[in-house]
Structure formats: structure tokens, C-alpha cells
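> For reference, the structure I am asking about is given below.
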Amino acid sequence: MAIKSFIENDLGKTPFSYIFSTKDRSNLEIYFKLKDKYEYRFQNEEFEELKTKILNEFGSYDLVIIPETKGRYLKIIAESLSHNVISVSKRCKTDILADLEQQKMMKNERQSLFNVLENMDVIQINKIKGNQRKRFRDILFEKLDFTEWNDKKVLLLDDSVFSGETLIALKESINIDCEIKVIFSKF
């Protein structure tokens with residue numbers, strides 16, 4: 001059964017649901033398989049079983065919105081939940097750096113952040129210090145208009161939530177009332 005939780009930050013509490021806790025080692029192994037990490041791979045029918053479990057837990061939707069991802073499995077899972085799947089792209093690194101340049105930061109914080117970002121091909125929130133992540137909320141994803149979906153059943157889906165900043169950034173970029181569900185959570 002999906003577990004209800006919330007992301008708490010300076011914006012308040014954002015509710016979401018998840019199926020697996022990464023505190024359980026067996027769930028962590030499934031997470032690594034879903035992310036194709038550390039030589040973990042799905043065997044035979046394992047992925048189909050996982051996809052069926054997620055569909056049974058989450059149900060179907062008119063629209064599923066996912067963040068841009070290199071992983072192949074999140075999109076497949078999203079497509080099992082809806083025929084309408086939209087992947088929201090991250091903005092290009094140059095534009096993000098230009099927007100960050102306009103933000104007021106202390107010199108040491110700015111230099112530290114820019115050093116980290118310059119080594120990334122694509123901006124990844126999990127590689128950025130926790131106290132600097134909120135700077136990306138308004139600038140990480142392309143802004144999209146989903147107002148035509150306001151009266152539909154919409155799901156914002158991600159494979160995992162750890163700090164929650166990526167989910168919050170995505171939610172703010174789509175500007176629509178929707179459910180938020182993830183497959184894995186540290187909570």
C-alpha cells in the first residue's frame with residue numbers, strides 16, 4: 001500500500017505518496033536496478049512485476065508528468081499509468097548559470113557552487129550541497145503551461161525523493177494542481 005508522507009522545507013509541507021522505503025536493503029536493491037546502478041539489473045520478469053505493483057498501487061491517470069531522466073524505466077512505468085506522458089526538460093546549463101549569476105550569494109558560496117556546476121554535463125540536484133539546492137527551484141526546469149489539464153486527473157511522478165528539491169522544482173515549473181507520487185523514498 002502506498003505510504004503518505006510530505007516534504008517539509010521553507011515553502012511549507014508538500015504531500016506525496018511512495019511505495020518503497022530505501023531504508024530497507026531489499027528495496028534499495030530494487031532502486032539500484034531501476035536506476036541501473038552498481039551492476040544491479042532486473043532479471044527476467046522482475047521489472048514487469050514491479051511495474052504491475054506500481055500500477056496497482058497508484059492507479060491510472062489522464063496525464064503523467066515526469067522530470068527529464070537518463071533512466072529508461074521511469075518513462076516505461078509512467079506509460080503504464082497513462083497514455084499521456086510528458087517529460088519536463090531541465091533548462092540548459094548555460095541558462096541556469098546565468099540565472100544563478102543574478103542571485104545574491106556570498107562570494108565563497110558562489111564560487112563553491114559554480115565549481116560543482118562546471119563539472120556537470122547536466123545539472124543534478126543530488127550533487128549540490130543541501131543548503132544551495134533551493135536556489136534551483138525556480139530555474140531548474142523549463143516552465144510549461146498545463147492549464148488545459150486543470151480538470152483532469154494529473155500525476156507528477158518521479159522514481160525517488162531524497163531531499164525533495166527536484167520534486168518541488170518540478171511542481172513549481174508545471175503550475176498545476178496534481179498528485180505527487182514517487183516509487184522510492186528515504187522517509
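No lab work stands behind these numbers, since they all come straight from the coordinates. These numbers were taken from a predicted model, which means no experiment stands behind them. With ideal geometry, Cβ positions are generated from the backbone for all residues, glycine too; neighbour counts draw on all protein chains shown.
> Let me check I have the definition right: for the stretch 93-136, take the eigenvalues of the Cα gyration tensor, multiply each by 5, take square roots. What are those semi-axes in whole Å, largest first?
Largest first, the stretch 93-136 gives 14, 12, 10 Å.
> Given LYS75/LYS181; LYS51/LYS90; LYS93/LYS186; LYS35/LYS127; LYS23/LYS186, which pairs have Cα atoms separated by over 18 Å?
On the way: LYS75/LYS181 14 Å; LYS51/LYS90 26 Å; LYS93/LYS186 28 Å; LYS35/LYS127 16 Å; LYS23/LYS186 6 Å.
Cα-Cα > 18 Å for LYS51/LYS90; LYS93/LYS186; rest within.
> Taking only C-alpha pairs under 8 Å that are 6+ residues apart, what is the relative contact order of the chain in percent?
Relative contact order here is 27 percent.
> Now, a different point. Averaging the inverse of every distinct alpha carbon separation and then flipping it gives the Kirkwood radius. What is it for the chain, in angstrom units?
By the Kirkwood definition, the hydrodynamic radius is 17.5 Å.
> Taking only Cα atoms, what is the 0 to 90° angle, nearest 10, from helix 93-102's long axis to the longest principal axis of the chain?
50 degrees
> With label points built 7 Å along Cα→Cβ from the Cα atoms of THR69 and GLN102, find their separation and express it in nm.
3.1 nm
> Next question. Given the -39500 (n - 2.57) contribution per DSSP H run of 4+ residues, what per-residue ellipticity at 222 nm results for the chain, rounded to the nearest 500 deg cm²/dmol?
One gets -10500 deg cm²/dmol as the mean residue ellipticity at 222 nm.
> Report the Rg/Rh value for the stretch 146-187, based on alpha-carbon coordinates and the Kirkwood definition of Rh.
Checking Rg against Rh, the ratio lands at 1.00.
> Quick one: putting +1 on the C-beta of Lys and Arg, -1 on the C-beta of Asp and Glu, what dipole do you get for the stretch 22-181 around its Cα centre, in Debye to the nearest 20? Write down the numbers at each step before the final one.
On the way: 28 positive and 29 negative charges, 150 e Å.
My answer is approximately 720 debye.
> Once fully extended, how much extra length lies between GLN124 and ASP62, figured as 0.36 nm per residue of separation less the alpha-carbon to alpha-carbon distance?
Working: separation 62, 0.36 × 62 = 22.32 nm, distance 2.85 nm.
Result for the pair: 19.5 nm of gain on full extension.
> Let me ask something additional. In whole Å, how far is the Cα centre of the stretch 1-69 from that of the stretch 134-179?
Distance between centres, Cα-based: 16 Å.
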